[in-house]
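K.L.:
Sharing a structure below in structure tokens format, with a few things to ask.
The values are calculated or read from the model by the stated rules, or taken from the named source; none is laboratory data. Please read these numbers as outputs of a predicted model, since none were measured by experiment. Cβ placement follows ideal geometry from the backbone for every residue including glycine, while neighbour counts extend to all protein chains displayed. Surface areas here come from the heavy atoms of the whole protein model, side chains and all, with no ligands, DNA or RNA. Shrake-Rupley method; radii C 1.70, N 1.55, O 1.52, S 1.80 Å.
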2 protein chains.
Amino acid sequence: MAAEIESIENILEKHIPAAELDEVARLLYGKKLRILPLPQKALDDARQRNFEIKAYGFDAAKESTRSARIVRVGAIQNKIILPTTAPVQEQRESLEKRICEIIEVAAGCGVNIICLQEAWNMPFAFCTREKQPWCEFAETVESGPTTALMKELARKYNMVIVSPILERDENHGDILANTAVVISNTGEVIGKSRKNHIPRVGDFNESTYYLEGDTGHPVFQTQFGRIAINICYGRHHPPNWMMYGVNGAEIVFNPSATVGALSEPLWPIEARNAAIANSYFTCGINRVGSEEFPNEFTSADGKPAHKDFGHFYGSSYFAGPDGSRTPGLSRTRDGLIISEMDLNLCRQVKDKWGFRMTQRLDLYAEELAEAVKPDYKPHIIKEK
Amino acid sequence: MAAEIESIENILEKHIPAAELDEVARLLYGKKLRILPLPQKALDDARQRNFEIKAYGFDAAKESTRSARIVRVGAIQNKIILPTTAPVQEQRESLEKRICEIIEVAAGCGVNIICLQEAWNMPFAFCTREKQPWCEFAETVESGPTTALMKELARKYNMVIVSPILERDENHGDILANTAVVISNTGEVIGKSRKNHIPRVGDFNESTYYLEGDTGHPVFQTQFGRIAINICYGRHHPPNWMMYGVNGAEIVFNPSATVGALSEPLWPIEARNAAIANSYFTCGINRVGSEEFPNEFTSADGKPAHKDFGHFYGSSYFAGPDGSRTPGLSRTRDGLIISEMDLNLCRQVKDKWGFRMTQRLDLYAEELAEAVKPDYKPHIIKEK
């Protein structure tokens, strides 16, 4: 198998002459973003700790009646550390340690809000369809060890932390859920948001573990801005993105776990389209590396049983409401991507493009109410 | 002003070595499409008539209980011919002549369904906000000269023609509408579909001429497949794309007229995202060139009055339900792009990815019904 390429941006920059690169970049990435300078210590620490760090600025026009609302937002992509055969607690602690050292660097860069990848404190074991030991990674939002640690970091660094975990809901019959916990910079849990759309695709029938989320489309009012979380497979569903916008989100994270052969050409399209359509910022976060499991499993694709799900391709990125986007993080390395954004850009783009005003939600409310009826007849016009 | 580049694909192919180009193409364009060989006469005619011609094949797996449903679909992008000061009838006839010579070539390539660009038989004069003489380009669907000509061509070439025009609705108070007329290969009008979302952006407040369409989301059952038309600005609205899918569309055209500074980085994202999210084929069609009007007009952007709206960047393309897409047509030349597609791919992708099954339309019907109420309170969670 050929080595994985590091990133498409590296290839473009290596080969395309500067005179043409600007126009290629405009067509592929939109308006040129500002490169955000970072403290030397952060760069040094990232090098020593072996993760990539990239930072960009999304600017907005100055307004005379509103101050700029500048916020620094980070996202982390990472590999697992220990083999999946190590004891559950050791696996989790190794990931906690790794995330602590990356978040420390983010804090040094002035990050106000950070989001981790989907089910970040465990291997993405749902492809195995085995229950043990993977269910042991689940913990309650209120009293689990991961939330406790994240609360501590949030308080220490005055940072909002979005921590997507496998949730054990003891108040509802011990069921599992795929849940993002939102922790305030004060160290308190603001609330949680569950994965709304559950894949049944190839290796992943995650409904073996948990079903469609029942938390709706909550938006969390933090001190730094209004955020929401669309977990993984929900990115394929435009109405899911839309409802977070309807509820007033300014930044929507998409913590994910997805592999190359399956979804990679879709990856740069979906979160960016959502940013455009809903006039907010989005951030796609994907884990990186490959994960080998102790027992072999099949993928319902006619291929032999295997122990490795595939290559998680990272490529985490931010997209802005004006259609601009950052380059992606590496396809192969741990990384921290930071965006400084003026949240005023959301309303400025709404005023410019008018998508919300012209959205005709009343029409779609009516049409959908009809479409879900069992006897719905699709509106098909045939030749007379 | 620098010369417009011809296409991003030209630049990538010129500079990136073959060893890396395949991976770049996979990341940017998805699964490699088949190059479709065309008759030599078609290639020669296209060269003589000075338009670009490109053709690709989207393949599907062979099924044992359904035959392949192969259809050839075409899209045409073109400049205006005469100055906008020429008499209305001459302008229209010059465009009709041009389209006739391109459609003749499409017929020689075996095209079954073809779609023209938005308001193809006129300059895109709506940026001027003037009523005369532009309203004179409007015609009724049933008895206008353009529909009459398209019916003749449809019958002659056994081709379904989608003809987007400025409609004059004599049965409803002589109002105007931005309308796609769908003409069967038998030469009869099957029906019409109006632009659902009307821009009020910069140069374009098209509601000066016509309002939001009232034809809903019809899908037209043709002999070659089920098609729908999402006109121009409707591509920014994911629920608009979605309803055509809910009604069973297999191919959705997006005839457009849009210029570089405004929308170009959005262009490759939106129709492609719709193809992915709705498991159907899409085709974005954009006119090409620039159009100068007799009187100057302003664009509400603080810049001086001007007579030229900007550069329509062409770049028409097809996208498939599996996330693959064709390269775009030229940014500067007239062109015909053809895709041979097996429509079975739509259901195959639905079965694989399961987006329709996991779509939760009932949830969105309920949430939207709430969201449109005047006293709706967005679902915002604050720190206690």
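K.L.:
Go through the range B:329-357 and give me each residue that's charged (D, E, K, R) and within 13 Å of another protein chain (Cβ to nearest Cβ).
P.N.:
Applying the first criterion (charged (D, E, K, R)) to the range B:329-357 yields B:331, B:333-334, B:340, B:342, B:347, B:350-352, B:356.
B:331, B:350, B:351, B:352, B:356, listed by residue number.
K.L.:
Restrict the check to the range A:12-25 and report whether at least one residue is over 23 Å from the mean Cα position of the chain (by Cα) and either over 28 Å from residue B:20 (Cβ atoms) or basic (Lys, Arg) (or both).
P.N.:
yes
K.L.:
Cβ-Cβ under 8 Å, sequence separation 6+ or interchain: first residue in the range B:256-280 and facing another protein chain (nearest Cβ under 9 Å) and over 16 Å from residue A:241 (Cβ atoms), partner aromatic (Phe, Trp, Tyr) and surrounded by fewer than 23 Cβ atoms within 10 Å (Cβ to Cβ). Which pairs?
P.N.:
So the pair list comes out as B:265/A:29.
K.L.:
Mind counting the residues in the range A:299-329 that are assigned to a strand (DSSP E or B) and hydrophobic (A, V, I, L, M, F, W, C)?
P.N.:
Number of matching residues: 3.
K.L.:
While we're on this one: Checking residue A:243 against (1) surrounded by 21 or more Cβ atoms within 10 Å (Cβ to Cβ); (2) at pLDDT below 95; (3) within 14 Å of chain B (Cβ to nearest Cβ), only one condition comes out false. Which one?
P.N.:
Just one mismatch for residue A:243, condition (2).
K.L.:
Just name the residue that is farthest from the other protein chains (Cβ to nearest Cβ) out of those in the range B:371-382 that are within 24 Å of residue A:225 (Cα to Cα) and either open to solvent by 90 Å² or more (accessible area, probe 1.4 Å) or polar (S, T, N, Q) (or both).
P.N.:
Only one residue fits best here, namely B:375.
K.L.:
Looking at residue B:23, is it free of Cβ contacts under 8 Å to residues at least 24 places away in the same chain, assigned to a helix (DSSP H, G or I) and farther than 25 Å from residue B:283 by Cα?
P.N.:
No.
K.L.:
Of the residues B:375, B:322, B:351, only one is in contact (Cβ under 8 Å) with a residue 40 or more places away in the chain and of a type outside the set (S, T, N, Q); which?
P.N.:
B:322
K.L.:
Restricting the search to the range A:242-289, which residues are in a loop (DSSP other than H, G, I, E, B) and not acidic (Asp, Glu)? Outline the logic, then answer.
P.N.:
Here is the first cut: in the range A:242-289, the ones in a loop (DSSP other than H, G, I, E, B) are A:247-250, A:257-258, A:264-266, A:279-280, A:287.
Once the filter is applied, which keeps residues that are in a loop (DSSP other than H, G, I, E, B) and not acidic (Asp, Glu), the range A:242-289 yields A:247, A:248, A:249, A:257, A:258, A:265, A:266, A:279, A:280, A:287.
K.L.:
Just checking, does the range B:313-329 include any residue being at pLDDT 95 or above and of a type in the set (Asp, Glu)?
P.N.:
Within the range B:313-329, one or more residues are at pLDDT 95 or above and of a type in the set (Asp, Glu).
K.L.:
Considering only the range B:122-145, state which residues are over 18 Å from residue B:189 (Cα atoms) and not hydrophobic (A, V, I, L, M, F, W, C).
P.N.:
B:123, B:128, B:129, B:130, B:131, B:132, B:133, B:136
K.L.:
Select from the range B:90-123 the residues that are hydrophobic (A, V, I, L, M, F, W, C) and assigned to a helix (DSSP H, G or I) and write down the one among them that is surrounded by the fewest Cβ atoms within 10 Å (Cβ to Cβ).
P.N.:
Filtering the range B:90-123 for residues that are hydrophobic (A, V, I, L, M, F, W, C) and assigned to a helix (DSSP H, G or I), the one surrounded by the fewest Cβ atoms within 10 Å (Cβ to Cβ) comes out as B:100.
K.L.:
Take the residues of the range A:168-186 that are among the polar types (S, T, N, Q) and out of contact with any Lys or Arg (no Cβ under 8 Å at 6 or more places or on another chain): which is most open to solvent (accessible area, probe 1.4 Å)?
P.N.:
Out of the qualifying residues, it is A:171.
K.L.:
A further question follows. Residues of the range B:1-59 being touching a Cys at 6+ places or on another chain (Cβ under 6 Å) and open to solvent by 40 Å² or more (accessible area, probe 1.4 Å), which ones?
P.N.:
none
K.L.:
Right, here's the next one. Give me the pairs: first residue in the range A:80-101 and more than 17 Å from residue A:117 (Cβ to Cβ) and not assigned by TED's automatic domain parsing to the domain that holds residue A:294, second residue part of a helix (DSSP H, G or I) and open to solvent by less than 20 Å² (accessible area, probe 1.4 Å), beta-carbon distance under 9 Å, and six or more apart or on different chains, which are they?
P.N.:
From the range A:80-101, no pairs qualify.
K.L.:
Can you tell me which residue is most open to solvent (accessible area, probe 1.4 Å) among those in the range B:310-343 that are of a type outside the set (Asp, Glu) and farther than 30 Å from residue B:104 by Cβ?
P.N.:
Here the answer is B:310.
K.L.:
Within the range B:33-86, which residues are charged (D, E, K, R) and in a loop (DSSP other than H, G, I, E, B)?
P.N.:
B:49, B:59, B:62, B:63, B:66, B:69, B:79
K.L.:
Which of the residues belonging to the range B:204-214 are assigned to a loop (DSSP other than H, G, I, E, B) and open to solvent by less than 10 Å² (accessible area, probe 1.4 Å)?
P.N.:
The answer is B:210, B:213.
K.L.:
Considering the range B:124-167 alone, what residues qualify as being in a loop (DSSP other than H, G, I, E, B), open to solvent by less than 50 Å² (accessible area, probe 1.4 Å) and either on the phi > 0 side of the Ramachandran plot or touching a Leu at 6+ places or on another chain (Cβ under 9 Å) (or both)?
P.N.:
If the condition is that a residue be in a loop (DSSP other than H, G, I, E, B), open to solvent by less than 50 Å² (accessible area, probe 1.4 Å) and either on the phi > 0 side of the Ramachandran plot or touching a Leu at 6+ places or on another chain (Cβ under 9 Å) (or both), then B:138, B:159 are the ones that fit.
K.L.:
Of all residues in the range B:215-241, which are at positive phi and not in a strand (DSSP E or B)?
P.N.:
Scanning the range B:215-241 gives B:216, B:232.
K.L.:
Just one of A:138, A:148 is away from chain B (no Cβ under 13 Å), without any contact (Cβ under 8 Å) to a residue 24 or more places away in the chain and more than 16 Å from the chain's Cα centre (by Cα); which is it?
P.N.:
When all the criteria are applied, what remains is A:148.
K.L.:
Return the total of residues in the range A:183-203 being at pLDDT 95 or above, part of a loop (DSSP other than H, G, I, E, B) and not polar (S, T, N, Q).
P.N.:
Qualifying residue count for the region: 6.
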